[in-house]
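One structure below.
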Amino acid sequence: MQTYNRISSAIFDVLMAPFGHGWPAFDMIVWPLVMGIGALQVYKFVSNQDAIARVKGQISMRLLEIRLFSHDIGQVLKSTATIVGKNFIYIGHNLLPLAVMIVPMIALMVQLVAHYAYAPSPVGATEILHVTLDPESGVSPDDVQLAIPEGVVLDAPAVRTADDQIFWRLRADQPGDHVMHVIVGDQVFEKTWAVGGSPRKIPVKRLRSWEAVLYPGEAALASDAPVVSMELDLHTRPLAWFPDGEFGILMWAMVFSLVAGFALKGFFGVTI
């Protein structure tokens, strides 16, 4: 997960926000459009275009049979069964291009979310840093300490629970990207808190599981780390004409790329 997030962010941190994060319209339109065009190219060169066209024609013929012979129940049932079978074949022809597309499309969408779904915490905000330990690591919550930088104040004593969780209530007194250090024995784990300032890529979670690929704002935790997750509160960034938040951006990217793909399939000569 660490390597994947590092490579993905190294690429998209350069490509995204060419006009700055203050104007999201460019990335919110261009990248879903790129996804749609990219999907068309994958379909064109990876799928069996002749087979897809053939099975679609066969399905159309059976649908026509149902209309022409609607008075013949036996024929209608036979044509319907054939359509169901042909649909399974059609789906089968789509599996390979979908498998090829899924990784780069997910990488693109989660980077859009990381760059535009979240807003920095306001100066003066009080938030909870939530750290979860691996119960099999043998580390007790009492052995974990937090070092905070200038501009961040500990607002209350830490709360340590019996199920290996630790909560620190923190107050942001100054703007900036504050790096906090969670100290576990001789290991130190960094967690960044974005406070105030202009819109930018906001780190919200550091995770050890596969879900780390969904939060590329920071490097994933090592698979053998005693810390499972480090999280801060989320602040959704309003995007005016675009749906905001994680779900809104993901749905926008998916729907717009599909619309673009279907609108341009004739131009690129692709059968879907």
Filter segment 142-163 down to residues that are within 21 Å of residue 227 (Cα to Cα) and among the small types (Gly, Ala, Ser), then give me how many there are. 3
Give me the pairs, please: first residue somewhere in segment 248-272 and farther than 17 Å from residue 98 by Cβ and in the same structural domain as residue 112 (by TED's automatic domain parsing), second residue anywhere and of a type in the set (Val, Ile, Thr) and part of a helix (DSSP H, G or I), beta-carbon distance under 6 Å, and either six or more positions apart or on two chains. 249/113
Residue 17 fails exactly one of the following numbered conditions: (1) surrounded by 14 or more Cβ atoms within 10 Å (Cβ to Cβ); (2) in a helix (DSSP H, G or I). What is the number of that condition? (2)
Of the conditions (1) among the polar types (S, T, N, Q); (2) touching a Gly at 6+ places or on another chain (Cβ under 7 Å); (3) under 15 Å from residue 144 (Cβ atoms), the single one that residue 198 does not satisfy is (3)
Which condition does residue 111 not pass, out of (1) polar (S, T, N, Q); (2) under 30 Å from residue 22 (Cβ atoms); (3) not in a helix (DSSP H, G or I), if it passes all the others? (3)
Just the residues that are assigned to a loop (DSSP other than H, G, I, E, B) and either at pLDDT 95 or above or not hydroxyl-bearing (Ser, Thr, Tyr) (or both), please, taken from segment 248-272. 265, 266, 267, 268, 269, 270, 272
Filter result for the condition that a residue is free of Cβ contacts under 8 Å to residues at least 12 places away in the same chain, within 23 Å of residue 271 (Cβ to Cβ) and surrounded by fewer than 15 Cβ atoms within 10 Å (Cβ to Cβ), over 102, 73: 102
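Return yes when residue 79 is in contact with a helix residue (DSSP H, G or I) (Cβ under 8 Å, 6 or more places away or on another chain), outside any helix (DSSP H, G or I) and either over 20 Å from residue 265 (Cβ atoms) or not assigned by TED's automatic domain parsing to the domain that holds residue 257 (or both) and no when it is not.
In short, no.
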Could you list all residues from segment 29-69 that are of a type in the set (Lys, Arg) and exposed (fewer than 14 other Cβ atoms within 10 Å of the Cβ)? 67
Does residue 22 satisfy the condition of being in the same structural domain as residue 100 (by TED's automatic domain parsing), in a loop (DSSP other than H, G, I, E, B) and touching a residue at least 40 places away in the same chain (Cβ under 8 Å)? yes
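In segment 112-132, what count of residues is obtained for those that are without any contact (Cβ under 8 Å) to a residue 60 or more places away in the chain and crowded, with 22+ Cβ neighbours inside 10 Å?
Here the count works out to 0.
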Considering only residues of segment 1-10 that are surrounded by fewer than 19 Cβ atoms within 10 Å (Cβ to Cβ) and closer than 13 Å to residue 103 by Cβ, which is modelled with the lowest pLDDT? 4
Filtered residue count, segment 233-272, keeping only those that are within 13 Å of residue 24 (Cβ to Cβ) and of a type in the set (D, E, K, R): 2
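The values are calculated or read from the model by the stated rules, or taken from the named source; none is laboratory data. This is a predicted model, so every value here is computed, not measured. Don't worry about glycine lacking a Cβ; one is built from the backbone with ideal geometry, like all the others, and counts go over all protein chains shown.
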